[in-house]
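Comments concern the structure below.
Values quoted throughout were computed directly from the atomic coordinates according to the rules given, and no laboratory measurement underlies them. This structure is a prediction, so every number in the text was calculated from the model and none was measured. Heads up, the Cβs are rebuilt from the backbone with ideal geometry, glycines too, and the neighbour counts pull from every protein chain shown.
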Amino acid sequence: MGNSRQLSARSAGRASYPAVAAALLCAGAGSRYSSEQRGHKLLAPFRGKPLVLWAVEPALAAQFGATFVVTGAVDLSKALPGTVTIVENGRWRDGQAASLQAAVGAARSAGFDAVVVGLGDQPLISVDAWRAVADAESLIAVATYDGRRRNPVKLAGPVWDELPSTGDEGARALMRARPELVVEVPCAGDPVDIDTEDDIVRAT
């Protein structure tokens, strides 16, 4: 599933959601932006700090029992705060499903009841969106913005075994298969994905 590298002790004692973990999927190559000249997109400067920090910090501020960051194509450890747990996904080339499996595996091993999942290239997701999705009383909860489903997504333990293990889809495939389990959570904020240099310019 992946190898976890603990950067700090689990903080469940002071967490608002001690039974729930956050997970940021940050393992991809980011090929539409990343190059030898520019480096990896998650390390690109955005509003004064690395792009990945904008995605990670709201998840940390929501005060989950732990925050996992799934890495693969590039070492992000120097850009991340010591309050996250890095989960190394050796299968990152296999697509997003492998990263989601790594996140769920880490949450399962640590004894969490649910995981709330976001993406490392969505820097403008708010802490309120993380909390609203975590608060939803359903096995699957998905943030919506102007009626469109985006991230974060909460996945409770009973559905983890139904998640795909291969391919470039993760929770979306499960939500299509089990729509009766899904609750939509309207959220404020901007779910923009950063894929190119132009995306960074537009979002800055």
Expressed in nanometres to one decimal, the distance between label points 7 Å along Cα→Cβ at R47 and E197 is 2.2
The summed charge of the D193 Cβ neighbourhood (under 13 Å; Lys/Arg +1, Asp/Glu -1) stands at 0
With S99 itself left out, Lys, Arg at +1 and Asp, Glu at -1 over residues whose Cβ is under 13 Å from its Cβ give -3
Among beta bridges assigned by DSSP with both residues in the range 78-204, the antiparallel ones amount in percent, to the nearest 5, to 65
The value for the chain (convex hull of the alpha-carbon atoms, volume per residue, Å³) is 110
Per-residue Cβ contact counts at 10 Å, fewest first, order F64, F46 as F46, F64
Rg/Rh of the range 50-138 (Cα atoms, Kirkwood Rh), to two decimals, equals 0.93
Env charge @ L53, Cβ radius under 14 Å, K,R +1 / D,E -1, value +2
Between V127 and R93, Cβ-based FRET efficiency (R0 35 Å, step 0.05) works out to 0.65
Taking a straight Cα-to-Cα line shorter than 18 Å from K78, and setting aside same-chain lysines fewer than 8 residues away, one finds K41, K49
Neighbour-count ranking for R108, R202 (other C-beta within 10 angstrom, fewest to most) reads R202, R108
